[in-house]
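Just below is one structure, and these are the notes that go with it.
The values are calculated or read from the model by the stated rules, or taken from the named source; none is laboratory data. This structure is a prediction, so every number in the text was calculated from the model and none was measured. With ideal geometry, Cβ positions are generated from the backbone for all residues, glycine too; neighbour counts draw on all protein chains shown. Keep in mind that these areas ignore ligands, DNA and RNA; they rest on the heavy atoms of the full protein, side chains included. Shrake-Rupley method; radii C 1.70, N 1.55, O 1.52, S 1.80 Å.
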Amino acid sequence: MSSLQVDVLAYEAPCEQCSFPLWWVFGLLPSYRPSGEEFTTTDFPEAVAMARSILATPNGDTADIAAQLHDRPAWQRGRSFNPNRCSACGHHADWHVLDAIFTRVYHHEGWIYAAAGRVPVPEWRAIRGRGQGIYWPYC
Ligand SMILES: [Zn+2]
């Protein structure tokens, strides 16, 4: 099966409860020649799972970031979900904190390429551009 390399994008900001500097995972984007509409926010289960599997690859040092990503609880409704939990204190900030990070990234305040990994093309096609449907302006 053909595959492509996908980047996991994160933004460093403190936990609102304990001030631990967290890497907030917010999106996925192909590593090579991406187009803006492929940007995929990590606020729905399939994207969270893909980000987690890329971050958890054995040759990386991002397994702790993978472990801080949590699935949306079954009882939660609506589109907006923040999968990041603080790895120091376990605090689970709500969607608004992740939304504020999108705003900062959009004002060119920088982001981190947390990890990259290969995923099957059909898996990527099934989720690309989903989530908040935000166009990535930096391609
Ligand atoms: Zn914390």
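Run lengths n ≥ 4 of DSSP H only: what is the helix-derived mean residue ellipticity at 222 nm for the chain, with -39500 (n - 2.57) per run over all residues, to the nearest 500?
Calculated mean residue ellipticity at 222 nm is -7000 deg cm²/dmol.
For the Cα atoms of the chain, what angle does the longest principal axis make with the long axis of helix 45-55, in degrees from 0 to 90, nearest 10?
90
Which residue, Pro30, Pro14, Pro83, has the most motion in a Gaussian network model of the chain that connects Cα atoms within less than 10 Å?
Result: Pro14 has the largest fluctuation of those listed.
How much accessible area per residue does the chain have, in Å², with a 1.4 Å probe?
Here the residues of the chain average 52 Å² of exposed surface.
Which whole-number percent gives the relative contact order of segment 1-48, counting Cα pairs below 8 Å spaced six or more residues apart?
Reported relative contact order: 31 percent.
Looking at the chain, which Cys residues are left with no other cysteine's beta carbon under 4.7 Å from theirs?
Isolated Cys, the chain: Cys139.
With the full set of protein chains in place, find how many percent of the accessible area of the chain is carbon and sulfur; take the probe as 1.4 Å.
Carbon-and-sulfur percentage of accessible area, whole number: 52.
Need one number: nm distance between label points at His108 and Gln5, each 7 Å from Cα along Cα→Cβ, rounded to one decimal.
Here the answer is 2.6 nm between the modelled labels.
What list of whole percents do you get for P(r) of segment 8-75, with Cα-Cα distances grouped in 5 Å bins up to the one holding the largest distance?
For segment 8-75, the binned pair fractions read 3, 16, 24, 24, 20, 10, 3, 1 percent.
Using Cα centres only, tell me the gap between segment 114-139 and segment 4-33 in whole Å.
13
List the equivalent ellipsoid semi-axes of the chain in whole Å, largest first, each obtained as the square root of 5λ for an eigenvalue λ of the Cα gyration tensor.
After scaling each eigenvalue by five and taking roots: 22, 16, 15 Å.
If you filter segment 36-91 for GluC sites (Glu not before Pro), then keep DSSP loop positions with at most 13 other Cβ within 10 Å, what is left?
none
Let me have the relative contact order for segment 34-91, percent, based on Cα pairs under 8 Å that are six or more residues apart.
Reported relative contact order: 32 percent.
Using only alpha carbon pairs under 8 Å that are at least six residues apart, calculate the relative contact order of the chain and give it in whole percent.
The normalised contact order for the chain reaches 38 percent.
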